[in-house]
Ligand code: PMP
């Protein structure tokens, strides 16, 4: 059976899933999206993803022509039709087709698209060995220009930093904000462990409020770790005992090197392993 893609209430075969070339999502990156996971048939924190999607929409003056409950149901229905149990879900809302000018008032039909796919994780051995990352020269979008809290269809900022990472032979790259502080990676939030405490940049560093980040903060606090959201610079990472990234696709993945400097003893840390274990327990037990 061919994969079915949801567009505006209808299901299309993958090859027929098409939208207008006049859609401002394509012309200008004018739209928003979510990346979601389902584990054993249950969608992880669907409500939080829907909430973030509607918040992104509000921030870009986009009225989603569908209720939150119907949106959540559409995600579940699309998964069901595709008989997917462990899946990656891409939920997209575009501004819709309009004239070639920027003005969104020319657009008429925001497209709601749901693509489901099997998951592509980092290779399993990287969870054992840990990632080596570098700092990108491309800084994270200034929050007053395009707030990183908006999960917009314009991901060029992250893509440019990602290219710097891959050019340096790394799968992820660290991005700093306009003040030179640690923000996040191109598609993941960042944490360090220092003297048994878990530290991560606060939201006002200009980062996406990751749903995995939030889950890991909760898990860590429940497990008795002190979690501190604070301003961080690269020195805090170079001198940390451990470092790890969080994201919907990555889950919790250790980082063992930044800019050629080994972090801690250069191997994935114990607290990271403990949090990854607890995260796996959470996703098995809860949708
Ligand atoms: N930061 C950025 C820039 C992202 O694109 C993502 C999602 N891929 C994350 C952080 C992690 O967020 P989440 O845990 O909600 O997937």
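The values are calculated or read from the model by the stated rules, or taken from the named source; none is laboratory data. Every value quoted in this text rests on a predicted model; they were computed, and no experiment measured them. Positions of Cβ are generated from backbone atoms using ideal geometry, with glycine treated the same way; all protein chains shown enter the neighbour counts.
For segment 1-56, a residue qualifies if it is within 27 Å of residue 285 (Cα to Cα) and in contact with a strand residue (DSSP E or B) (Cβ under 7 Å, 6 or more places away or on another chain), and the qualifying residues are 33, 34, 35, 36, 37, 38, 43, 44, 46, 49, 52, 53. Inspect all residues belonging to segment 204-213 and state whether any of them is buried (at least 17 other Cβ atoms within 10 Å of the Cβ) and part of a strand (DSSP E or B). No: zero hits.
Residues that are away from the ligand (no atom under 15 Å from the Cβ) and under 13 Å from residue 183 (Cα atoms) within segment 236-247 comprise 236, 237, listed in sequence order.
Scanning segment 32-47 for residues that are surrounded by fewer than 17 Cβ atoms within 10 Å (Cβ to Cβ) and under 14 Å from the mean Cα position of the chain (by Cα) yields a single hit, 35. Any idea which of (1) part of a strand (DSSP E or B); (2) within 26 Å of residue 37 (Cα to Cα); (3) out of contact with any helix residue (DSSP H, G or I) (no Cβ under 6 Å at 6 or more places or on another chain) is the one residue 252 doesn't satisfy? Checking residue 252 against (1) part of a strand (DSSP E or B); (2) within 26 Å of residue 37 (Cα to Cα); (3) out of contact with any helix residue (DSSP H, G or I) (no Cβ under 6 Å at 6 or more places or on another chain), the one that fails is (3). Every test in (1) in a loop (DSSP other than H, G, I, E, B); (2) without any contact (Cβ under 8 Å) to a residue 60 or more places away in the chain is passed by residue 100 save one, and that test is (2). Of the residues making up segment 257-273, at least one is at positive phi, modelled with pLDDT of 95 or more and crowded, with 18+ Cβ neighbours inside 10 Å.
Contact annotation: residue pairs with Cβ atoms under 6 Å, 6 or more positions apart or on different chains, pairing a residue in segment 55-70 that is surrounded by 14 or more Cβ atoms within 10 Å (Cβ to Cβ) with a partner that is at pLDDT 95 or above and assigned to a loop (DSSP other than H, G, I, E, B), are 56/150; 56/151; 57/64; 59/150. Considering only segment 158-170, I want to know if a residue exists there that is under 20 Å from residue 26 (Cα atoms) and within 14 Å of the chain's Cα centre (by Cα). Yes, segment 158-170 contains a residue that is under 20 Å from residue 26 (Cα atoms) and within 14 Å of the chain's Cα centre (by Cα). Where strands (runs of 3 or more DSSP E) fall wholly inside segment 155-196, no range has 3 or more residues that are away from the ligand (no atom under 15 Å from the Cβ) and either at pLDDT below 95 or buried (at least 22 other Cβ atoms within 10 Å of the Cβ) (or both). Looking at segment 202-235 only, could you name the residues that are in contact with a strand residue (DSSP E or B) (Cβ under 6 Å, 6 or more places away or on another chain) and within 13 Å of the ligand (Cβ to nearest atom)? 205, 206, 207, 210, 212, 213, 216, 217 - these are the residues of segment 202-235 that are in contact with a strand residue (DSSP E or B) (Cβ under 6 Å, 6 or more places away or on another chain) and within 13 Å of the ligand (Cβ to nearest atom). Filtering 90, 95 for residues that are surrounded by 14 or more Cβ atoms within 10 Å (Cβ to Cβ), within 28 Å of residue 3 (Cα to Cα), within 16 Å of the ligand (Cβ to nearest atom) and touching a residue at least 24 places away in the same chain (Cβ under 8 Å) leaves a single hit, 90.
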